[in-house]
Each structure stands twice: as structure tokens, then as C-alpha cells.
Amino acid sequence: MVWTIATEACLFVYLLFSFVYLGAQQRGPWPPQGPLSLSLALPNTAILLLSSGVYMWGERGIRRGSQTQLRVGLLLTFALGAVFAVIQGIEWHSQSFTAQSDAFGSLFFTITGFHGAHVIVGLLLNAVVQIWAWRGTFTADRHLAVTNAGLYWHFVDIAWLFVFATLYLSPRWM
Amino acid sequence: MEMQSTVSDAPTETLRRIWETPSGIYGQLATVDHKTIGKRYLVTAFLFLLIGGLEAGIMRAQLTRPGEHLVTPEVYNQLFSMHGMTMMFWYASPILSGFSNYLWPLMIGARDMAYPRVNALSYWTFLLSGIFLYTSPFLGQSPNDGWFAYAPYSLGLYNAGLNMDFYALGLIFLGISTTVGAINFIGTLINMRCPGLSMSRLPVFMYGTLSASLSIVFALPALTVACTFLFLERRFGMHFFAVEHGGSAMLWQHLFWMFGHPWVYVVVLPAMGMVSDIIPVFSRRPLVGYGFVAGSTIATGVIGFAVWIHHMFATGVPMMAMTVFSGFSFLIAIPSGIAVSAWIATIWTGRPVFKTPMLFSLGFIVVFVIGGVSGVVTAAVPYDWQVSDSYFIVAHIHYVLVGINVFAVMAALYFWLPKITGRLLSERLGRWNFWMMFVGVNIAFFPMHVAGILGMARRVYTYPAGVGLETVNLATTVGAAIFAVGILVFVVNFLWSIRRGALAGPNPWDAATLEWTTSSPPPPYNFAVIPTVGSRDPLWEGRVIGEAPSALALRSTLFSGPVLDHGRQTMTTSAIDAAQPVPQSMPADSPWPLILALAIAATCYGLLFGAWWLVGVGIAGTIVALAGWLWPTALAGTPQSDPVTVGAR
Ligand code: HEM
């Protein structure tokens, strides 16, 4: 799991490198239509961060043997993750540019698309772990699946922080 | 406490029943036996060497005489692109994975790799991605922009066919195979070594593969990103490389070489490692400077990667294309200097025996040094301006790649095939094989340096008469033909040996490492008991070896130990010093890796032809396969093997 995450993290590094590189090569403003609006993205970032916190809380539960805390934690994480994905969809539709308009548009949709795909994989993993959790598979000292799915979810979360900082924030200062 | 036994008393029938793949088609398709997978890798990659060689042969026939019209310029473009891609991606690295897959568990006293089903997935995706790439010649639309596919010629505006879509999708597909394979190697090296086999006792080959695997994990995503961009730009009207829309053709070069530079180590470091393990056996003494060689192998991978990335961010000049191999030569100068010194010192202070594997190892050193010198020459920048994109570069890359990769692979085939087939190859044919390849390589590629200095441009389908290029080109073609016959001698020798070759027995070369303790070929369970290792050369313990005044101390227990016959079990130990052994349950044969690979192939073909229903089928198949893969084992397992880890294996 750790090495899968490592190689996926590198994927994001190269994606964001491309964004920064093309940004530095531009003659005109970057993004061409001015910095992206934060009105949806900022609260959405908070939602994703919260979901990671809730997951940790649920995991802490099973470490003490509490099935209920684990189940509630997983369920809430799933709900928050799903809300994030929906808001991200709205964000996509509210943009004035498309993936075809210029390099910025292509990078924006490709990078957030890659991240969105990771969110969906994270949600699917969460669903599988959830089924086990409701069946009562896990115990205080046997819950590696919970830990691994959690690692993945935190990775998705951290990757978003970098995507957010690069796509939304960095052009404001560059 | 586990049941202890000696090899002769071990319940080998039970073990065989547990580990053997049932015969029949289902068994063949579902097997996760690392030995079967390793053999398949070796055969498939060797076939790609032959196919790549066939393409080279057609190119050489075209270039034998000036003004020849055997192929059109467009076909020539496709030929050198397919040749470069096939050799670099579908032969050079996978053949090394084949050795690793077959040998690693045997070298570390284990019964399988860490993730056997991932291993099967790695092979199937390798095979299917190769089939995917080789669909292109049947449509007459093979990649035609060289193996590094520079923009803008790769873009739809200039290159409208499916050619470069095959390139982009084929490499993304192969990347899945390479990545999961690398993760499997890393996991295996960290967890699966038998008790006592600490990091300081590993064969150098394993360090080479570890270093290559780390490079893959960190660098390969750059190629995946580049190819994704390329595909999106070509097929979905997006903009990454086209300058008119705010893109940059340089972005492709950056991404490609962030990957391409480490990739050179990927095809070289494991090969150097194999030679480091073969030379001591035929010098009849342990490797001189083991620590330095192992350490510099890791350092090359890590430092080379870091320095290259730094280059990328700091300079951004469009020079990396031509200096990549020479930059590589500079960087690798120190570790390869260390390695070459260690090999020569080992031979010098040993009592060398010149069997075929040793001949190829020596040929390897010679070609390695010549290739290194021409590389250092190109690393001088003004000189580089003079020769770049000429045949000097083609000569250099072939010395490096044929020398360091192909010769090492030949040495390894002669050395380890007897373990795999149980029979020795003919020494007589082996000598013919070696001398034809050695002479052929030099006749073929040395004159290419001259052609380059005379100004012959690479990637051009012909050249004019009367400018002094006739002789060198004729020589090159003759040399290539001799080299090709050398390869054919190997094929004949191999086919002869599996029927008539002398029986090898467990240890035909009187080598020192664990793979030589089992029978040849090894039983399905590899080891009847899990050995305990106490030194770097366990099979030489108790004997006077090399210059040592007295016998090596007896430290290992190779022929008695835990049996582990409660289902598929092997031993895992701690990461650095291989202590605290814990039995680990391993997954059995499974059809899901193949189904998953087929689903990915369907997705790739769907994307290629724009057949969205097929993409849908592929994605649905992927989800079903992953669910099937993870599901049945969910509730099984020992306390150490929780659902997801076992599921992933
Ligand atoms: C006898 C064996 C071989 C012969 C005769 C041969 C011949 C050639 C020829 C004629 C070219 C094209 C030169 C040009 O027009 O630019 C070429 C390119 C190349 N070869 Fe080989 N080759 C051989 C083996 C190999 C091997 C074993 C490898 C790698 C492991 C390899 C890797 C390459 C690469 C990377 C290119 C550059 C392709 C490009 O321009 O994009 N070759 N080779």
C-alpha cells in the first residue's frame, strides 16, 4: 500500500510540475481569465479535511474495540467524500473555460479529473471496508484493511491540498 | 512452534500437493507460481528481442547500399521507432524481470514472491501490452516518431493516423505491468528473505533490481503523465504541447527524460548485478569489494535520479535529448568504475575458469568500457554539438545497451538456464555463440562511430553515394548479420540442450548462493525446509575458497529447518537483518489477474478505436475483476494476514 501510494504521489508531482512549468512559460496572465474563484473550492477543501479527521476518529474506535464508532466514522467519511465529489462536479460546470479552450483549461480538467478518479477509488475502498465493518469482521488488533483504506484516503486528501495550493492559490502570488 | 525437519525427512509429497499448479488449461491461466511466470517472462521478452532484431535487420538491409529503395521513408520511420520501443521497453527491462521473478525466491529461501497474484498480473499486462503494440503493423500504422516521440511531430496536426495513439496507450498499458512488478520486487526484498539473510548477504543482482524498482516507482509516472497528455491532446482536442494554445513542446521533453534517464539505469543496473554475481563463481573466490559494489548500485539509482531532476528544474535548455546517454555516462562513471575495478580484482586474485557465462561476462566488461569511453567523449559539450543526432550517438547507445544489457543477459542465460531446465547448454556452441556476437557487435557498431563523424544523420532512410559512407555501412550490415547468427546459435543451443544437454544437478558451477541448493529444476515448493543463512556464500562454507588461508566458517543451516506445511506458507522476516521469522500464508492460483489484464486491454483497444462500448466493457470488467480478486479471501487468513493485505497478494 505504501509503495502504491508513493508511485501515485509521484504521478501528482509530475502533473503539478507540468502546471507550474507551463505557467512559467506563459507570456500573458495565468490563468488567462484571472485566478480561480475560491467560493466553492475553499469550503470543499475543508469538507475533505474533515472527512480525514472523521476517519481517524473511526479508526481510533476500532483500536479500542468499538464497532459502532468505526461504523459511524466510515459512514460519515463516505458521506463527506461524496459531498466533496458532488461539489467538485458543480465546480467543473461553473467554469467559464473548457478542457479544450487552452493549456490552462486542459491542465485544470486533467489534474482535477485525476484527483476525482482517486476520490472515487477511495470511496469504493471505503465501501468494501464498510461492508466488512458492518459484518463485524474487525477486532481491536485485526483491522489492517481499515488502516490501509485510511492511508489511501489521507493520501487523496493530502494530494488535494497540493492540487488546491497549486491550481487555486499559487497563481495569485506568481 | 513450527514443525522442524531435515530435507530428507520433510513431507515433500504434502508440499508438492499444496504448491503444484494443476495441469490443464485453467491451471496454466491461473497459476501464480513465480517459476512459471519467470519462464514466461524470459521467453516472451526474448521473442521481443528477436522481433526487434528483425526490424533492425530490415533497416540494415535498406542501409547496406546508398540510394536503396527496399522500404519507403515512412516505413523506415516506423521501423526504427518500433525497434527502439521494442528493445527499450518490451525486451531490455522485462527480460531482467524474468530473471528476477524466477530467481529471487530461490535466492532468498522463499516459496514465492510477496504478491504472487500481482506477479501474474504483471506478466499478463506485459504480454497483452506487447500484443497491443504489435497490432499496429497490421494496420500499417505503427509509431513513427522514434522511441522518445518528440512533440510536435507526435501531435495530430502532423501525424493523423493511429500511429502515436498506439505509442501513448501502449506505454501506459505497459507501465501498469512495470509498476506493479516493481512494487512486488520491493515488497519481496523487504519481507520475504529467509532467517539470517540480512541485507549485507544478498546477491548483488538483487541490489540492482531493487535500485531499478525504486527508479520505476518514482520515475515511471512521468511517462504515464506525458502519454496521457499526448493522448488527450491528440484525441480530445486538449492542449499541452502545442505552442499555439499556450502549451510547450519542451514539456514533453522534460517529462520524457525525467522518466527516460532513470530508465537507462533500469535496464542496466540489474544486468551489472548479474555479472557481479557470475564473475566470482568462475573466479573461484568471493567478490572483491562486495559492499562498495552493492552500495554504488543503490547510489547510482538514487543519486542519478535526484541529479537528473535537479537538471530539469534548473536549466531547461533543449539539450537533454542528445546528452541523456552521455550525461548517463558521466554519472555512472564513478559506480561503474568501482564495479569494473571490483570485477577485475576478483578475476585477478581468483583462479578464473573460462566457461561460456564467464566469456560473456568478460565481453560485457570490454564493451562496457568502450561504450563508457565513447560516452565520456560525447559528454564534452562542443564535441556533442558536432556529433549529436548523428550515427555517433547510434553507435554509442548500442555499445551501452548491447554491451551492458544483451551480453549480461547472455551470460545469465548460460549461467541460470541449467537451473531452470535442469540441463546444461553446450560449451562448444556456447563459444561459437560468444565469439560471433562479440565480433559481430564490434564490426557492426564500431564503424558507426566513423559514419557519425563523417556526418551521417540518424533516422534517415538512406544516404547518397560518393560521400565516403559505403564501406562503413557495408561493414555495419555485415557485423549485424554475424551478430544475428550468434543469437541463432544460442536458440539452437537452447533447443538442443533441453533434449540432449547433460543433466545439470543442483549445483553445476559449484556456486555459493541459495538457488543452487535446490534441485534443477526446483520443485514447486522450492525448498523442503526453510533454510537459515549465516554468511554471504553459504554453499562455500567449510571450504578453502580463493586466497583465504583457512576454510570459511560454517554458519548456515541449509538442510534442516521449519517445514511450514499448513497450506501455502513461507517465512517472512524483519526488513534489515532478517530476524524474527513469522510464517505467512500465501494465496493460491487465481484467474483474476488474467481477467483484470484482459479488461485493461479491452479498455485500451476501446480508447484506440474510439469504441466507447468497449471502453465501458473494459472498465466494468476491471471493477468486477478487482472485486473478485479482493473478495473470497476477505474472511480467511491468519492473524498476520488481514483482509486487504492478503487480498492484494
Ligand atoms: C544486432 C543488433 C542491432 C542492430 C543491427 C540495430 C540497428 C539499429 C538501427 C539501424 C537503428 C536505427 C538508426 C537510425 O536510422 O537512426 C537502431 C536504433 C536504435 N536501437 Fe538498435 N540495433 C540492434 C540492437 C539493439 C538493442 C539490443 C537495443 C536495446 C536494448 C537497441 C536499441 C536501439 C534504440 C533505442 C534505437 C533508437 C531508435 C530511435 O531512433 O528512436 N538496438 N538500431
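The values are calculated or read from the model by the stated rules, or taken from the named source; none is laboratory data. Predicted, not measured: the structure shown is a model, and the values here were computed from it. Counting neighbours? That spans all protein chains shown, and the Cβs are built from the backbone with ideal geometry, glycine included. Accessible surface areas use protein heavy atoms only, side chains included; no ligands, DNA or RNA. Shrake-Rupley method; radii C 1.70, N 1.55, O 1.52, S 1.80 Å.
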Tell me which residues, restricted to region A:106-115, are under 21 Å from A:Ala6 (Cβ atoms) and either more than 10 Å from every other protein chain (Cβ to nearest Cβ) or open to solvent by less than 20 Å² (accessible area, probe 1.4 Å) (or both). A:Ile111, A:His115
Given the criterion within 16 Å of the ligand (Cβ to nearest atom) and at pLDDT 95 or above, identify the matching residue among B:Ile37, B:Ile58. B:Ile58
Collect the residues in region B:1-23 that are in contact (Cβ under 8 Å) with a residue 24 or more places away in the chain and not in a loop (DSSP other than H, G, I, E, B), keeping them in residue-number order. B:Gln4, B:Ser5, B:Thr6, B:Thr12, B:Thr14, B:Leu15, B:Arg16, B:Ile18, B:Trp19
Selection status of B:Ser213, within 14 Å of chain A (Cβ to nearest Cβ), of a type outside the set (A, V, I, L, M) and either farther than 26 Å from A:Thr112 by Cα or not in a helix (DSSP H, G or I) (or both): yes
Does B:Trp147 satisfy the condition of being aromatic (Phe, Trp, Tyr) and part of a loop (DSSP other than H, G, I, E, B)? yes
Can you tell me which residues in region A:92-105 are surrounded by 18 or more Cβ atoms within 10 Å (Cβ to Cβ) and either closer than 16 Å to A:Thr45 by Cα or of a type in the set (Gly, Ala, Ser) (or both)? A:Ala99, A:Ser101, A:Ala103, A:Gly105
Any chance region A:156-166 includes a residue that's at pLDDT below 90 and open to solvent by 20 Å² or more (accessible area, probe 1.4 Å)? no
Listed residues B:Gly52, B:Gly84; which is touching a Ser or Thr at 6+ places or on another chain (Cβ under 9 Å), within 11 Å of the ligand (Cβ to nearest atom) and either closer than 21 Å to B:Val204 by Cβ or open to solvent by less than 40 Å² (accessible area, probe 1.4 Å) (or both)? B:Gly52
Take the conditions assigned to a loop (DSSP other than H, G, I, E, B) and not aromatic (Phe, Trp, Tyr) and apply them to B:Met87. Does it pass? no
Could we say that B:Tyr167 is assigned to a helix (DSSP H, G or I), touching a residue at least 40 places away in the same chain (Cβ under 8 Å) and closer than 30 Å to B:Gly27 by Cβ here? no
Do we find a residue being closer than 25 Å to B:Leu127 by Cβ, outside any loop (DSSP other than H, G, I, E, B) and in contact (Cβ under 8 Å) with a residue 60 or more places away in the chain anywhere in region B:553-560? no
Could you give every pair whose Cβ atoms fall below 6 Å, whose first residue belongs to region B:67-94 and is of a type in the set (A, V, I, L, M), and whose second residue is more than 11 Å from the ligand (Cβ to nearest atom), counting only separations of at least 6 or pairs across chains? B:Met82/B:Ser142
Got a number for residues in region B:628-649 being open to solvent by 40 Å² or more (accessible area, probe 1.4 Å) and either basic (Lys, Arg) or modelled with pLDDT of 85 or more (or both)? 0
Flag for A:Trp30 being touching a helix residue (DSSP H, G or I) at 6+ places or on another chain (Cβ under 6 Å) and at the interface with another protein chain (Cβ under 10 Å from one of its Cβ atoms): yes
Which number in (1) more than 13 Å from the ligand (Cβ to nearest atom); (2) over 30 Å from B:Tyr525 (Cβ atoms); (3) in contact (Cβ under 8 Å) with a residue 60 or more places away in the chain marks the one condition that B:Gly146 misses? (1)
Of the listed residues (A:Ala46, A:Ala85), the one being in a helix (DSSP H, G or I), open to solvent by 10 Å² or more (accessible area, probe 1.4 Å) and out of contact with any helix residue (DSSP H, G or I) (no Cβ under 9 Å at 6 or more places or on another chain) is A:Ala46
May I ask you to say which residue of A:Leu16, A:Leu50, A:Leu22 is within 8 Å of chain B (Cβ to nearest Cβ) and in contact (Cβ under 8 Å) with a residue 12 or more places away in the chain? A:Leu22
Which members of region B:491-533 meet the condition of being among the β-branched types (Val, Ile, Thr) and assigned to a loop (DSSP other than H, G, I, E, B)? B:Thr513, B:Thr518, B:Val529, B:Ile530, B:Val533
Among the residues of region B:228-249, is there at least one that is part of a helix (DSSP H, G or I), more than 7 Å from chain A (Cβ to nearest Cβ), within 22 Å of the chain's Cα centre (by Cα) and crowded, with 23+ Cβ neighbours inside 10 Å? no
Show me the helices (runs of 4 or more DSSP H) entirely contained within region B:372-454 in which 2 or more residues are modelled with pLDDT under 95, within 15 Å of the ligand (Cβ to nearest atom) and not aromatic (Phe, Trp, Tyr). B:391-400, B:427-453
Do we have any residue at all in region B:400-422 that's open to solvent by 20 Å² or more (accessible area, probe 1.4 Å), under 20 Å from the mean Cα position of the chain (by Cα) and within 29 Å of B:Phe89 (Cβ to Cβ)? yes
Report yes if some residue within region A:130-139 is assigned to a helix (DSSP H, G or I), at the interface with chain B (Cβ under 8 Å from one of its Cβ atoms), more than 24 Å from B:Thr224 (Cβ to Cβ) and touching a residue at least 12 places away in the same chain (Cβ under 8 Å); otherwise report no. yes
Go through the residues of region B:134-150 one by one and say whether even a single one is in contact with a helix residue (DSSP H, G or I) (Cβ under 9 Å, 6 or more places away or on another chain), within 13 Å of chain A (Cβ to nearest Cβ), open to solvent by less than 10 Å² (accessible area, probe 1.4 Å) and modelled with pLDDT of 95 or more. no
Checking the structure you have, find out if any residue of region B:193-204 is open to solvent by less than 20 Å² (accessible area, probe 1.4 Å), more than 14 Å from chain A (Cβ to nearest Cβ) and part of a helix (DSSP H, G or I). yes
Return the residue satisfying two criteria in turn: it lies in region B:455-471 and is outside any loop (DSSP other than H, G, I, E, B) and in contact (Cβ under 8 Å) with a residue 60 or more places away in the chain, and of such residues it is farthest from the ligand (Cβ to nearest atom). B:Glu470
Kindly establish whether B:Val324 is modelled with pLDDT of 85 or more, crowded, with 18+ Cβ neighbours inside 10 Å and either more than 14 Å from every other protein chain (Cβ to nearest Cβ) or within 16 Å of the ligand (Cβ to nearest atom) (or both). no
Counted residues, region B:30-77 - those being more than 24 Å from the chain's Cα centre (by Cα) and part of a helix (DSSP H, G or I): 11
